[in-house]
1. Cβ-Cβ below 8 Å, separation at least six or inter-chain, first residue in the stretch 108-120 and surrounded by 11 or more Cβ atoms within 10 Å (Cβ to Cβ) and assigned to a helix (DSSP H, G or I), second among the β-branched types (Val, Ile, Thr) and modelled with pLDDT under 85: which pairs?
2. In the stretch 76-89, which residues are among the hydrophobic types (A, V, I, L, M, F, W, C) and modelled with pLDDT under 80?
3. Tell me, which residue of the stretch 90-120 that is at pLDDT 80 or above and acidic (Asp, Glu) is farthest from residue 34 (Cα to Cα)?
4. Hey, any hits in the stretch 54-68 for a residue that's over 30 Å from residue 116 (Cα atoms), small (Gly, Ala, Ser), touching a Phe, Trp or Tyr at 6+ places or on another chain (Cβ under 9 Å) and at pLDDT 90 or above?
5. Among the residues of the stretch 50-68, which ones are assigned to a helix (DSSP H, G or I) and loosely packed, with under 15 Cβ neighbours inside 10 Å?
6. Can you tell me which of (1) of a type in the set (A, V, I, L, M); (2) under 30 Å from residue 2 (Cα atoms); (3) modelled with pLDDT of 90 or more is the one residue 73 doesn't meet?
Amino acid sequence: MPLSEQEQRLLDEMERHLMRNDADVVSAPRDGRSLSYRNIVYGTLLVLLGLGGLLVGVSIPLIIVGVIGFVVMLGGVILAVTPSRNSVRAVPADRPGAAKPAARSSFMDRMNDRWDRRQEER
């Protein structure tokens, strides 16, 4: 079902507003860091281990085991959300014969390209 003229105008206005106001948020640099899958896996394992310690500490009258379990859980969460420092490997551009790495576009960039192609087809 096609959009009415009013709906199409409203959609276009919303898109322009979003691009004007939120484009800087979408394209903001991330300091060259990204989440590491290894950190996420290790963090998750620590959270599960800490949860087990917390449950054991609550079920038996040793409060120190529960506190240690909680600290381990907290450490696991911090490890899981900490960005990796060596996830991006830069290739010097001034080196002759150095191939530039393939630019990987983000999900939003691909969606914007698809949207632009659809609009050009009309």
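The values are calculated or read from the model by the stated rules, or taken from the named source; none is laboratory data. Model, not experiment: these values are computed from the prediction. Here the Cβ is made from the backbone with ideal geometry for all residues, glycine too, and neighbour counts use every protein chain on show.
1. Here the result reads 108/26, each pair linking the stretch 108-120 to a residue that is among the β-branched types (Val, Ile, Thr) and modelled with pLDDT under 85.
2. 88
3. The selected residue is 120.
4. yes
5. Matches in the stretch 50-68: 52, 55, 56, 58, 59, 63, 64, 67.
6. The failed condition is (2).
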